[in-house]
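*Asks:* Before anything else, here's the structure in question.
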Amino acid sequence: MMTGQKTRLMSEINVTPFVDVMLVLLVIFMVTAPMMTSGVKVDVPQTTHEKMDVDSKGLIISIDGSRKVMINDYQLEASEIAERLPRILESKKAEEVYLKADKSLPYGFVMSVMASIREAGVEKIGMVTEPAVSDGRKR
């Protein structure tokens, strides 16, 4: 028996369980992060312009080669844009719209979609392109 001696409390923090939990969460996020990206495959034109800052609250309207119009992940007809876009912008609290059109589409069709977007009351429309691949030669 211990008599006369005071027992001291251990004041060190055991971080091993904390590290174990963090490693498990890290593995879970590393596995699930690639699955979270979604979108529509659109073959956008390539340009040599510099990148511009994209507003994360902006709405992306994609038009693929078969003239299928997608607002983020929601599909609709091109004729419905002017009617439905104001409500979508209001619910998403978005001010800017980015248009991502396949390069195989006729110019007239893309311009009619842009006119529908303007008709819906959107003032700022950004055109999404991809940077051109440089082969190292000057033209």
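Values in this text are rule-based calculations from the coordinates and carry no lab data. Nothing here was measured: the structure is a model prediction, and the numbers come from that model. Note: ideal-geometry Cβ built from the backbone for every residue, glycine included; neighbour counts use all protein chains shown.
*Asks:* Through the Karplus equation 6.51 cos²θ - 1.76 cosθ + 1.60, θ set to phi - 60°, convert the phi angles of segment 22-30 into ³J(HN,Hα) values in whole Hz; use x for Gly and Pro.
*Replies:* Karplus-based 3J(HN,Hα) across segment 22-30 equals 5, 5, 5, 5, 4, 5, 4, 5, 5 Hz.
*Asks:* So how far apart, in nm, are the two label points at R67 and V15 if each is 7 Å from Cα heading toward Cβ?
*Replies:* Distance between the two pseudo-spin positions: 6.2 nm.
*Asks:* Turning to a different aspect of this structure: Could you size up the charge dipole of segment 46-131 around its Cα centre, putting +1 on the beta carbon of Lys and Arg and -1 on that of Asp and Glu, and report it in debye to the nearest 20?
*Replies:* It comes to approximately 80 debye.
*Asks:* Where both partners of a DSSP beta bridge lie in segment 46-131, what percent of those bridges are antiparallel, to the nearest 5?
*Replies:* Here the antiparallel bridges make up roughly 35 percent for segment 46-131.
*Asks:* Based only on the alpha carbon positions, what is the Kirkwood hydrodynamic radius of segment 46-131, in angstrom?
*Replies:* 13.2
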